[in-house]
């Protein structure tokens, strides 16, 4: 018997968003600054968050965490002193603490997934 309705994001839509994030190849753009990355990512992610996250925002958490993982890979490739996991994690935490709204999705998922 059908007893409920959950208007969250569908699996097909989630796969499309994931392929779009992969197509950006954020971790390979070490020639640009973090401001340029934010200009690229923020309008798109803000739209996703407003549209798909209106009812069931927790369904977007894995996708937003994956964006954070790509950003962490970008940090570790761009700055040689942050190649180590501990140093990169400390730099990430300081950045999120100083600028919590720099990337649009940090309002919901400011941390990096354990595996990145």
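The table below lists the values:
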quantity: Gain upon complete extension [residue 81, residue 19; 0.36 nm per residue less C-alpha separation]; calculated: 19.3 nm
quantity: Surface/4 of the Cα convex hull for the chain, nm²; calculated: 8.0 nm²
quantity: Rel. contact order, % - alpha carbon contacts under 8 angstrom, at least six apart, the chain; calculated: 32 percent
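Every number in this text was worked out from the coordinates using simple rules, so none of it is lab data. Everything numeric in this text was worked out from a predicted model, so none of it was measured.
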